[in-house]
Every structure is written in structure tokens, then in C-alpha cells.
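A quick write-up on the structure given underneath.
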Amino acid sequence: MKYQSVVAGCLLLSAVAQAGETVQGAGIEGYRYLGAMVSSPQYKEDDSNVDFRSAGLLVRGGIELNELLAVEGHFGIFGEDVVDEGSFQIEYLASIYARGNLPLIGQRIRLYGLAGLTHFSGDVPGFRNVDETGIGYGVGIELYGDERTALTLEWLRHAVGDIHNVDYTLESASLGFLYRF
């Protein structure tokens, strides 16, 4: 699986290197972007009452291959949450997504969907030093103030999987800022 991920990543980077277009239409300029989001990830286990939430910061960046398709990466760090004398912390989270952009609504609003892989590391009660990779997906909206800056609102299910046969979900809602160049 890791070999396939590396090959897929190399193919995506090759496509990104060849993309040099500016996004056309609705007064949005630039095909590369960077941003930061305040996020509140929630970790839940399906067969127990384990449910933690912490606050953190996500940095994101991407490049649009064309008006409808982009490649986007996220990296986040988060705080610790203590519930019932158990400590929970996501030390870091790193994701790579394919991003599908819906055609612009009006002059400054864009909807998008994300699908890809997330790797996270942290401490979960009952499991120490968790390093997991899972499938992630989500949706978001960008509200542009001018041609290059936008506020973003996003919901992501970062990962779904199991740790030692315990099913979990890791999801978050985020609010952020985006700059295109």
C-alpha cells in the first residue's frame, strides 16, 4: 500500500508541475493557494463511549490542475483533551486530497469536495502512540472578498478505520482564510 501511495503521489506531482493555468471566470485569480484554518477535530469510537474533541490549527496548500480539479495538502497540530481521567491528543495530522470544484455561484462563491488519505499520530486512551492512515473526505465553501482572498468553511472526515479492531472516526469542522497566487 505504501508503494502504491508513493507512485500515486509522484504521478500527482508530475501533473501539478505541468499545470500552469490561471482559474478562469468570476474574478478569481491564481491557480496556487495557501491558507490556515482553526479546526476542532473529534475522535469517536463506534463500540464505546470514547468521544474526544480538541482545538488546533491546520495549514493547507494546493494547486489547481484546471478549473474543476485540484490537488490539496493539509498539515495540522492540535491540543490535548482530558475526559474521565484519560488523555487524548492528536500530535499531528497530514493529508493529501484530490479536490473537485463546483462551478462558481455568482461572482465570489465556490463549493468544493475533497477525497484522499490522512495520516495521524497521537495518543488515545487504551492505545499509546497511535500512527494510523485512513481514507478521508469532506466538503467546503469559499467566500471570496476579492480576486485572491477568501474565507473558508469546511467539514472533513479525516479518517475512518480501526485501531486493534476498534472502529473509529476522526472528523472536524474548520473555519479559515485562503490566499491565491
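The values are calculated or read from the model by the stated rules, or taken from the named source; none is laboratory data. These figures come from a predicted structure and were not determined experimentally. Ideal geometry is used to build each Cβ from the backbone, glycine not excepted, and the neighbour counts take in all protein chains shown.
For the criterion of being of a type outside the set (D, E), within 20 Å of A173 (Cβ to Cβ), touching a residue at least 24 places away in the same chain (Cβ under 8 Å) and surrounded by fewer than 18 Cβ atoms within 10 Å (Cβ to Cβ), R60 fails.
For region 125-141, which positions are at pLDDT 95 or above and more than 14 Å from I96 (Cα to Cα)? V139, G140, I141, listed by residue number. Where strands (runs of 3 or more DSSP E) sit wholly within region 1-93, those with at least 2 residues that are within 21 Å of L143 (Cβ to Cβ) and modelled with pLDDT of 85 or more occupy 32-39, 56-64, 69-78. Filtering region 90-134 to residues that are under 15 Å from the mean Cα position of the chain (by Cα), of a type in the set (V, I, T) and closer than 24 Å to L151 by Cα leaves I96, T118. Just so you know, in region 88-117 the residues that are polar (S, T, N, Q) and closer than 21 Å to L65 by Cβ include one that is surrounded by the fewest Cβ atoms within 10 Å (Cβ to Cβ), and it is N101. With the requirement that a residue be surrounded by fewer than 16 Cβ atoms within 10 Å (Cβ to Cβ) and either basic (K, R) or more than 23 Å from I90 (Cβ to Cβ) (or both), what does region 118-148 give you? Passing the criteria: R128, L143, G145, D146, E147, R148. Confirm whether L170 is in contact with a Pro (Cβ under 8 Å, 6 or more places away or on another chain) and either farther than 25 Å from D51 by Cβ or crowded, with 16+ Cβ neighbours inside 10 Å (or both). In short, yes. When region 159-176 is filtered for residues that are part of a strand (DSSP E or B) and more than 12 Å from L58 (Cα to Cα), the ones remaining, listed by number, are A159, V160, G161, D162, I163, V166, D167, Y168, T169, L170, E171. Applying a threshold of 6 Å to beta carbon distances and a minimum spacing of six or more residues, or different chains, the list of pairs starting in region 153-181 at a residue that is closer than 15 Å to L117 by Cα and ending at one that is modelled with pLDDT under 95 and of a type in the set (F, W, Y) reads L170/Y43.
I'd like the residue in region 94-112 that is assigned to a strand (DSSP E or B) and touching a Lys or Arg at 6+ places or on another chain (Cβ under 7 Å) and, out of all such residues, is modelled with the lowest pLDDT. Of everything passing the filter in region 94-112, N101 is modelled with the lowest pLDDT.
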